[in-house]
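Read the figures in this text as sums done on the coordinates, not as results from a lab. What you are looking at is a predicted structure, and each value in this text was computed from that prediction instead of being measured. In this analysis, Cβ positions are derived from the backbone assuming ideal geometry, glycine residues included, and neighbour counts consider all displayed protein chains.
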Amino acid sequence: MKRILELFVLTIILAVCSANCLSNLHGRHYYYQCENVTNLQILSVIPIGVVGINIKNSNIKKIPTDAFSMHADSLEELNITGCGVEEIEPNAFRGLKLRVLGLVDNRIRKLNSLWIQDLTNLKALIVWRNRIAEVDAQLYDLLPNLELWDIAHNEMSACLPTELLKKLTKLRKIYLASNPWSYRCRRSMTWYLGSNHIRFVQDWGSSDMLIEECLAHEPNADIDDNALSKCVDRKVGSTEMLQTVSGLSEQIRELSRKVTELEIEVAALKKTGY
Ligand SMILES: *[C@@H]1O[C@H](CO)[C@@H](O)[C@H](O)[C@H]1NC(C)=O
Ligand SMILES: *[C@@H]1O[C@H](CO)[C@@H](O)[C@H](O)[C@H]1NC(C)=O
C-alpha cells in the first residue's frame, strides 16, 4: 500500500515537473504559460489569483468537466493552442468568468451549448483552425456579451442564420475565411453583417457579386444549388482568366517597347561606324 502511494506521488511529481508553467507572460503578473501538459490537473500548481493561462505545445485530447474550477475566482483569459483538443465535456468551464477563450488549432467539431453555457461573460471566442462543422443554435442566447468571434479555417458550410446572429447584439467583428460556406446562404449572412456594422473578414474577394448575377440570369440557379455553384465557379474562373490575359498583354507591350529602343540604339551604333 505504502509503495503504491509512493508511486502515485512520484507520478504526480513527474507530471508536474515535466510540464512547465512559467509566470509573467508578456511582462504581466498573474499570467501563466504552460507547455508539455498532458493532464490538466497540473494546473493546480499555478498559484491562486491567476488571471490568464496560455497552454501550448501540449497534448490534451479531452477537456474534462470542471477542469479549471480551482481558478474559477480569478481566471479571465484562457488559451489552449495546438494541443489536439477533440472533446470538451459538458461544464468544462463551469464557474469561470472568462472574457477570452481561445481554442485555436485543435480538432473541435462542434460549438456545443453544453460547455458554451458556462461562458456568459465571454467577449472573445477564438476557435480558428479546428474542424467545426456545427454550431448549436443555443449559442446565440448563451453569449450575450460576445464582441469578437473567430471561426475562420473550419468546415462550416451551413451559414450562421441571420435571425440568430441578431441575438449577438454586441458583436463587432467576425472572421469567416476558409470555410466552405454555401453560396446560396452566404449572401444573406454577409448582407446582414454589413448592414449592421459588424466587420466581417472573408477571403472570397468579389465573388459575392457573381452570386447575385448567377441568381438573376443562370437557368435554375434560383432553386438548384448545383446550378448556382457551377455558375459562380465558372465566372470566378473566367475573371481570373481575364486578369491573366490583361497581365500578359501588358508584358507584351513592355517587351515590344524595349525591342524598339534596342533597334534605335543598334541603328545609332551602325551610323557611328562600330
Ligand atoms: C517541452 O518538451 C520538449 C521536449 O521534451 C523540451 O525540449 C522543452 O524544453 C519542453 N518545454 C518546457 C517549457 O519545458
Ligand atoms: C489569448 O489569446 C488572445 C487572442 O489571440 C490574446 O489576445 C490574449 O492575450 C491571450 N491570452 C493569454 C493569457 O495568452
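Compute the separation of the alpha-carbon centres of the stretch 120-151 and the stretch 88-103 and state it in Å as a whole number. The two parts, judged by their Cα centres, are 12 Å apart.
The C-alpha atoms of the chain define a longest principal axis, and helix 225-271 lies at about 50 degrees to it.
Considering only DSSP states other than H, G, I, E and B, which trypsin sites (Lys or Arg not before Pro) in the stretch 40-69 qualify as loop sites with at most 14 other Cβ atoms within 10 Å? Could you put the intermediate results ahead of the total?
On the way: sites: K56, K61, K62; in loops: K61.
Those that pass, being in a loop and sparsely packed, are K61.
Lys and Arg at +1, Asp and Glu at -1: add these up for the other residues within a Cβ distance under 12 Å of G82 and post the number. That works out to +1.
With a 10 Å radius around each residue's Cβ, average the other Cβ atoms per peptide and rank 190-200, 135-145, highest first. Please list the in-between numbers first.
Values: 190-200: 14.4, 135-145: 17.4.
With the highest mean Cβ count within 10 Å placed first, the list reads 135-145, 190-200.
Listed from fewest to most Cβ neighbours within 10 Å, the set D222, D105, D118, D150 follows the order D222, D105, D150, D118.
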